[in-house]
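**Student:** Questions regarding the structure given below will be posed in turn.
Bear in mind these aren't lab numbers, they're just calculated from the coordinates by the rules spelled out. Worth saying up front: this structure is predicted, and the values here are computed from it rather than measured. For neighbour counting, all protein chains shown are included, and Cβ atoms are generated from backbone atoms with ideal geometry for every residue, glycine included.
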Amino acid sequence: MTVLALTPQFTITVQSAAVPKSVPAGNSGVAVIDINPIYGYSTPSDQHGVTLSCSSIAPLVVIPPICTFSPNPVTVSGTGATSSTLTISTYGPVVTTGALVRPRSSYGSFYARLYAIWLPLPMLALVGLGAAAGGKRARKAWWLLALFVLSGTLILMPACGSNTATTTATPNGVTPNGTYTFTISGVDDNGVVSSNTGSGSTSPTVTLTVTTAN
């Protein structure tokens, strides 16, 4: 009888498919991935564990969905499967906003208006002195100047109470519509790759359909 040496390894399986299976561009789907130890495989305590990734995404597009795993890397013991949550995120359109008003605090607004009220007083005092010292025609001109100063103060007072800014956002791209297939693979710190990934084997895959953003 010939005894063959078995190398500890692991496989990757999809515990649950992406939910929801179809999302508008800009939304995400979530799936659960299992790492299954074979022949007593386990990650050493001084290593990070098995690092998961989407090794391929089909079809190829300019702005594809993005895969993230949590946890990642994954610590695997030889006693059973260990799970990781896969989140597939898509890009959606960025909304353009118009004028944005940022009101000041109530205290700041109060003191700003108080300052605006006191601001024309020196000019009004000068107007009074000029009117008292001048003739009838001069007094009329001085009072018209005073009316102009008061009108300008009332117009400028609302500007002391708020701050207005305009912000715009340019769309950075949208994930195209379609059904995307993600091939899941894993590798540990020693270079051991999941045994059910590669040519001649059934690679674990997750699919997600992207539709037009709402």
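**Student:** Run the quick spin-label model on T212 and Y39: label points 7 Å from Cα toward the beta carbon, then report their separation in nm to one decimal.
**Tutor:** Result for the modelled spin labels: 5.4 nm.
**Student:** If each residue of separation counts as 0.36 nm, what is the full-extension length gain between V94 and N177 once their alpha-carbon separation is subtracted?
**Tutor:** Values: separation 83, 0.36 × 83 = 29.88 nm, distance 1.66 nm.
Separation in residues times 0.36 nm, less the Cα-Cα distance, equals 28.2 nm.
**Student:** Regarding the range 11-69, what is the average projected area of its C-alpha convex hull, in nm²? Provide the component values of the computation, followed by the final result.
**Tutor:** Numbers: hull surface 22.4 nm².
Mean orientational projected area (the range 11-69, Cα hull): 5.6 nm².
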